[in-house]
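Contents: one structure, followed by commentary.
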Amino acid sequence: MTTDPATELSFEEALKRLEEIVRALETGERSLDESINLYEEGQRLKSLCEARLADARQRIELIQQNAAGEPVATRPLDAQ
Amino acid sequence: MSENTPEYSVSEIAGAVKRTVEAAFGQVRVRGELSQFRRQTSGHWYGRLKDERAVLELAMWKGVAAGLSFRPEDGMEVIATGRLTTYPGGSRYQLIIDRLEPAGVGALLAQIEARRLKLQAEGLFDPARKKPLPWLPGVIGVVTSPTGAVIRDILHRLGDRFPRHVLVWPVAVQGEASAGQVAAAIAGFNAIAPGGPIARPDLIIVARGGGSIEDLAAFNEEIVVRAAAASRIPLISAVGHETDTTLIDYAADWRAPTPTAAAERAVPVRAELAANLAMLHGRLDAAIVRGWKLRRERGLALARRLPQPRNLIGLAGQRVDDLSERLPTALSARLARVDLRVTNAAGRLRPALLQARLDRSVERLAGSAARLAPALARPLNSDAQKLARTGAALRPFLIEQRLASAAGRLEQAGRMLDTLGPRQVLARGYAIVTGPDGHVIASATAAAAQARLTIRFGDGETPVYTSPPAKPVQGSLF
């Protein structure tokens, strides 16, 4: 699978899909092939969510305006 | 009237009145209804304060106006604090305002309520206008003062929950300039193009700490409410404390009771998400493993129900053992039975019986032989007579006649053959020309192509060699 539609999903969508997959597997009503495919999809979704969670950096910037009040730049803000 | 009464010039009397008025009313508080209160281009405000029976002229210099916590509107009940003075050039007296405040919270609330009803009638607060908040915004725009507890609280709470990229648009959150700046900031965030040098927020938080209704006045301003309603980026309002409600709250997509609550609504808790994800991952693994186990058990259960090969062989082996054990017994039993029958038969076998049957057969044979010769002779005689008759009927001359006729025809055919055959023809002077390969050459063209020919005459063959015609000599052209 070269193009993974999961990369297009938002964290929320990915998590929701993962929940569906887990529930589907827990009922144990899927065929073996289907179960394996679902499991692999679940693993991909989990990796995707983890990547999104890992991307959690606090960056705080202050908007700087020109004379017309338009935002032209930002500079780091230390509000501590 | 006495001529002794001192005489004033107009200026003198105006000055005297001015001094008297200012001395007597240097600091007064006057309650009344605003009327024709307007800001001039100079920045100063002029108007009137009135009640049922009287009117008082008002003047408010722009420095005082800048500190106002509310927007003065005609018809509003206010308390003006200041000093009375006169305007000698117009024979007028007026109140120079040092401080202007609504006549109690009720007056201000009534003003806000009237504005709310007006904007509501325009549909600015319709639930259908509310946009869903992003579940996990990547960039959050915060419109607030860049200093103070509010921004610190928001940033701390965001950092605790899910660190994000935050853009702070600095504004005054109080005073005359506040409303315009807040409105411009909301519009400014919306004007940022996606993919530009400055990140476009996925969510806007408009925040201010708690304060009096006058302190929060900017967030009741129409210009701010309209900017919030027009925002295409989802917007959370977080102005004042939980009990404070400003008009921007009605236009916002979500109203947070406090700035901290806004941060909580803005992002989920990363640690909880991680825990939830880990839990789901665990369930995923457990489910697949349980699936395997279930299938394995099912397989084993089926396998148990299959007869064991060992048992199958064992049973067969047992039968073989059983049969092989019974085999000698069965054989000897059968032998015994056969033996018994032989013995019985032998007992009944007596030579006399055999002799009697033999005698009877001999008798029948003799009888048959006696009848045999006459029976044979009869058909033989009959055949001999038939043969004699047929022989007499045969006549050999018929065949001889046909033979003579056939010999005559054969001789005639032989003569015909000689006449037509090539030998006779050759004897009459014709010859046959053949090529080296023995094929007949039947034309001059074919003969010219051969260097050697054979001519066959009636009495034999002779070879001939054809010589090519002499080539004409080619004369030189030069």
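The values are calculated or read from the model by the stated rules, or taken from the named source; none is laboratory data. Here the structure is a predicted model, which means the values were calculated and not measured. Note: ideal-geometry Cβ built from the backbone for every residue, glycine included; neighbour counts use all protein chains shown. Areas reflect the complete protein model, heavy atoms only, side chains present, ligands, DNA and RNA absent. Shrake-Rupley method; radii C 1.70, N 1.55, O 1.52, S 1.80 Å.
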Next item on the list: For B:Arg208, indicate whether it is crowded, with 18+ Cβ neighbours inside 10 Å and either within 22 Å of B:Val105 (Cα to Cα) or charged (D, E, K, R) (or both).
Entry: yes
Check: Is it the case that some residue within region B:202-217 is at the interface with chain A (Cβ under 9 Å from one of its Cβ atoms) and in contact (Cβ under 8 Å) with a residue 24 or more places away in the chain?
Finding: no
Item checked: Among residues of region A:37-79, those that are in a helix (DSSP H, G or I) and either at the interface with chain B (Cβ under 7 Å from one of its Cβ atoms) or of a type outside the set (Gly, Ala, Ser) (or both), counted -> 15
Note to self: Residue under question is B:Arg29, and the condition is that it be touching a residue at least 60 places away in the same chain (Cβ under 8 Å) and open to solvent by 90 Å² or more (accessible area, probe 1.4 Å); does it hold?
What the structure shows: no
Next item on the list: Could you check B:Arg290 against (1) within 14 Å of chain A (Cβ to nearest Cβ); (2) within 23 Å of B:His165 (Cα to Cα) and say which number it fails?
Entry: (2)
Margin query: Return the residues of region B:146-178 that are outside any loop (DSSP other than H, G, I, E, B), of a type outside the set (A, V, I, L, M), crowded, with 22+ Cβ neighbours inside 10 Å and facing another protein chain (nearest Cβ under 10 Å); say none if nothing qualifies.
Written below: B:Trp169
Item checked: Residues of region B:83-130 that turn out to be in a loop (DSSP other than H, G, I, E, B) and surrounded by 14 or more Cβ atoms within 10 Å (Cβ to Cβ), as a count -> 5
Notebook entry, point to check: For region B:32-67, what are the residues that are open to solvent by 70 Å² or more (accessible area, probe 1.4 Å) and among the aromatic types (Phe, Trp, Tyr)?
Noted result: B:Tyr46, B:Trp61
Next item on the list: For region B:268-286, state whether one or more residues are open to solvent by 70 Å² or more (accessible area, probe 1.4 Å) and away from every other protein chain (no Cβ under 13 Å).
Entry: no
Next item on the list: Please specify each residue of region B:219-243 satisfying the condition of being open to solvent by less than 10 Å² (accessible area, probe 1.4 Å) and part of a helix (DSSP H, G or I).
Entry: B:Phe219, B:Asn220, B:Val224, B:Val225, B:Ala228
Next item on the list: State whether the residues of region A:24-34 include one that is surrounded by 14 or more Cβ atoms within 10 Å (Cβ to Cβ), more than 7 Å from every other protein chain (Cβ to nearest Cβ), within 25 Å of B:Pro137 (Cα to Cα) and among the basic types (Lys, Arg).
Entry: no
Next item on the list: Return a yes/no flag: does region B:181-194 have any residue that is part of a loop (DSSP other than H, G, I, E, B), out of contact with any Asp or Glu (no Cβ under 8 Å at 6 or more places or on another chain) and more than 10 Å from chain A (Cβ to nearest Cβ).
Entry: yes
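Of the residues A:Arg52, A:Arg30, which is under 13 Å from B:Ile288 (Cα atoms) and modelled with pLDDT of 80 or more? First the steps, then the outcome.
On the way: A:Arg52 fails: under 13 Å from B:Ile288 (Cα atoms).
Exactly one residue qualifies, and that residue is A:Arg30.
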Margin query: Within region B:212-219, does at least one residue satisfy the condition of being at pLDDT below 90 and β-branched (Val, Ile, Thr)?
Written below: yes
Margin query: Quick check on B:Leu340: is it away from every other protein chain (no Cβ under 14 Å), modelled with pLDDT of 85 or more, part of a helix (DSSP H, G or I) and farther than 30 Å from A:Glu13 by Cβ?
Written below: yes
Notebook entry, point to check: Somewhere in region B:449-465, is a residue open to solvent by 50 Å² or more (accessible area, probe 1.4 Å), of a type in the set (S, T, N, Q) and assigned to a strand (DSSP E or B)?
Noted result: yes
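Just checking, which of A:Asp55, A:Asp78 is over 22 Å from B:Thr147 (Cβ atoms) and either β-branched (Val, Ile, Thr) or open to solvent by 80 Å² or more (accessible area, probe 1.4 Å) (or both)? Quick ask: steps written out before the conclusion?
Numbers: A:Asp78 fails: over 22 Å from B:Thr147 (Cβ atoms).
Residue meeting the stated conditions: A:Asp55.
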